[in-house]
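The values are calculated or read from the model by the stated rules, or taken from the named source; none is laboratory data. Since this is a predicted model, take the numbers as computed values, not measurements. Cβ: placed from backbone, ideal geometry, glycine included. Neighbour counts: every protein chain shown. Just so you know, the surface numbers come from the protein's heavy atoms only, side chains and all, with ligands and any DNA or RNA stripped out. Shrake-Rupley method; radii C 1.70, N 1.55, O 1.52, S 1.80 Å.
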Amino acid sequence: MKRNIKKLTAVLLCLTLVLSLAACGGGGGGGGTSNTKDPYEIKAEFDPYYLHPGLADGSATSSADVWYPVDSPDSLPMYLTYAADAGYTEGDFLITWIDEEGYDYAYCLAQAEDMELVSLEDEEIEVDFVFSDALTAYDKESKTQYTRAGKMTADELEACFAGKTFTSRQGTSYTFNEDGSAIQNAGGVDYSGTWALTAATVVTFFDEEDAAFDVYLQILEDRQGIYLYSDVGNRYLYPEEENEAEADGSSEAA
């Protein structure tokens, strides 16, 4: 009798262990579905329609910001160019992956749709990018996160402009308000708009009345800090406090 009870107890323990493993998914095998979330997946908070390719030195054959894969040794760096500038009549961007030496390796045309950047239907390479900001992207197809951030994150770089006015020696200025609104003053006339960090090397003024007057300002830096360059009039713009400091120095010297 005691032997039978012991056998029954052992069987019940085994069944309990098997059921526990099944409930936890600890049995392995290919039939189960993993609920593990990719730690690099991000929310779509930046519309890729407003992305700028950037103005940094990119591949050996192009000038654009390079996007580097994060903790994905099997993925290649890439850069984006406007599809129209590359001679294509379809798509918003041409995505180009580059090899270890910086030469173009593979291509894919992509279209901005519903806060995502997706490959066109006839492309051999499929992508589905979402962007948390202008410097961080996640491809849901390859499960790869990319970044083109250099020394600073997007938030840190935006903080260099929010609430500040940058002025050129010719008098043109851009005021970047903390709420995202902006004022361009040119020739003594104010033009309303908005502003956004659209690349690691570009802050954009979006004209309220006409997109033809949007201005892409290149972000530059020296030992004194960050300043801007506009190819409209070939002008350099500096934070107002720097201009005031220079004026004070000139008056003391006089």
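Worth a mention:
- Count - residues of segment 160-180 that are part of a strand (DSSP E or B) and without any contact (Cβ under 8 Å) to a residue 12 or more places away in the chain: 1
- Hits in segment 234-251 - residues which are modelled with pLDDT of 85 or more and either more than 22 Å from residue 194 (Cα to Cα) or open to solvent by 50 Å² or more (accessible area, probe 1.4 Å) (or both): 234, 235, 236, 238, 240
- Selected residue (criterion: most open to solvent (accessible area, probe 1.4 Å)) from residues of segment 186-212 that are in a loop (DSSP other than H, G, I, E, B) and on the phi < 0 side of the Ramachandran plot: 209
- Qualifying residue in segment 118-128 (condition: closer than 28 Å to residue 220 by Cβ and not in a loop (DSSP other than H, G, I, E, B)): no
- Taking segment 95-117 as the range and being of a type outside the set (Asp, Glu) and either in a loop (DSSP other than H, G, I, E, B) or in contact with a His (Cβ under 8 Å, 6 or more places away or on another chain) (or both) as the test, the residues that pass are 102, 103, 115.
- Positions within segment 78-92 being part of a loop (DSSP other than H, G, I, E, B) and either touching a Ser or Thr at 6+ places or on another chain (Cβ under 7 Å) or open to solvent by less than 30 Å² (accessible area, probe 1.4 Å) (or both), in sequence order: 83, 91
- Filter result for residue 138 (touching a residue at least 40 places away in the same chain (Cβ under 8 Å), aromatic (Phe, Trp, Tyr) and surrounded by fewer than 19 Cβ atoms within 10 Å (Cβ to Cβ)): no
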